[in-house]
1. Using 5 Å bins from zero, what percent of all Cα-Cα pairs in the range 1-42 falls into each bin?
2. Take N50 and N12, extend 7 Å from each Cα along the Cα→Cβ direction, and tell me the distance between the two endpoints in nm.
3. Could you please put D32, D27, D37 in sequence from largest to smallest accessible area, using a 1.4 Å probe?
4. How much solvent-accessible surface does T16 expose, in Å² to the nearest 10, with a 1.4 Å probe and all protein chains in place?
Amino acid sequence: MSEPTRVLQLVNTAVTALTTGGQSALDVVIRDLDDNDMEILITHMAECTNLSAPAVVGSRV
């Protein structure tokens with residue numbers, strides 16, 4: 001399964017848990033993530049954060 005597909009699947013599972021069982025259900029989903037899934041999510045969140053960060057004035061690319 002590709003990483004983008006896995007991210008969507010993990011987010012869907014988390015949202016479903018939160019909407020049907022509340023915070024405690026989401027906590028269980030997060031606690032049960034394996035290292036690979038956690039790494040995929042962290043990488044995805046970091047990439048999203050970098051894409052939305054404002055450019056620094058005077059920086060050179």
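The values are calculated or read from the model by the stated rules, or taken from the named source; none is laboratory data. Everything numeric here is computed off the predicted structure, so don't read it as measured data. Here Cβ is always computed from backbone atoms with ideal geometry, including for glycine, and neighbour counts include all displayed protein chains. In case anyone asks, the SASA skips ligands and DNA or RNA and just uses the protein heavy atoms, side chains included. Shrake-Rupley method; radii C 1.70, N 1.55, O 1.52, S 1.80 Å.
1. 5, 26, 32, 22, 13, 3
2. That separation, rounded to one decimal, is 2.7 nm.
3. Numbers: D32 110, D27 65, D37 15 Å².
Sorted by accessible area, descending: D32, D27, D37.
4. Counting only protein heavy atoms, the figure is 60 Å².
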